[in-house]
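Worksheet for the structure shown next.
The values are calculated or read from the model by the stated rules, or taken from the named source; none is laboratory data. All figures in this text were calculated on a predicted structure; none of them were measured in a lab. No Cβ is skipped: glycine too gets one built from the backbone with ideal geometry, and neighbour counts run over all protein chains shown. Each accessible area value is taken on the protein alone, full model and side chains, heavy atoms only, with ligands, DNA and RNA left out. Shrake-Rupley method; radii C 1.70, N 1.55, O 1.52, S 1.80 Å.
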Amino acid sequence: MISFLNPARLINREILLRPLEEQDCVAMSDIHATGFDPAWSAEDMMGLLRQNNVFGYLALETGPLTRNRPVGFVLLRHAADEAEILTIAVAAQTRGRGVGRKLMAESLRKLYADRISRLILEVDENNQSALHLYRQLGFEQVGVRKGYYTHAEKRKGVSGGTALVMACNVR
């Protein structure tokens, strides 16, 4: 007999991706706030999504108890044959489960299909999990931006965090 409250059934969750829509902006802002200070507002997200050259994906956790709960997103901008990741964020309670990898893989697939040659991003030099993922995906460091992360750092009394500029050939 299969019980409705079987713990294995309750844990069975899947991550699905779909293109970002304007109605996702509040969820995007909430997720962004779990990893960035200052977080981007829903209005910031909306302004970016309304640009013709900006797109992205929302990660939804599905399962009996989660019912398509937003758990991550990636926002990208393209120009000519290059693209940049504007931001990527995964909800704190979902990190370490491959959500970021799925978002990156889907983004790279779309960029390849759109004939984009190169993808660029900035990442905090201290974000070891992101650096590990990006290196596994073929990104290499191409620059450094000292003081890139300034707002939260200044509140802490330090000069600002360093971002590594990384790039990956898509084609």
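A compact table of results
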item: Extreme residue, surrounded by the most Cβ atoms within 10 Å (Cβ to Cβ), among residues of region 51-73 that are more than 16 Å from the chain's Cα centre (by Cα) and closer than 19 Å to SER107 by Cβ; result: ASN53
item: Odd one out for LEU76, checked against (1) over 15 Å from the mean Cα position of the chain (by Cα); (2) crowded, with 21+ Cβ neighbours inside 10 Å; result: (1)
item: Check on GLY147, free of Cβ contacts under 8 Å to residues at least 24 places away in the same chain, over 22 Å from ARG171 (Cβ atoms) and in contact with a helix residue (DSSP H, G or I) (Cβ under 9 Å, 6 or more places away or on another chain); result: yes
item: Selection count, region 107-137, where residues are open to solvent by less than 50 Å² (accessible area, probe 1.4 Å) and either on the phi > 0 side of the Ramachandran plot or of a type outside the set (Ser, Thr, Tyr) (or both); result: 13
item: Filter result (modelled with pLDDT of 95 or more and open to solvent by less than 40 Å² (accessible area, probe 1.4 Å)) within region 139-161; result: PHE139, GLY143
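Results for (1) in a helix (DSSP H, G or I); (2) at pLDDT 95 or above, shown as yes or no for each residue.
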residue	(1), (2)
VAL74	no, yes
ALA105	yes, yes
TYR112	yes, yes
LEU119	no, yes
ASN126	no, no
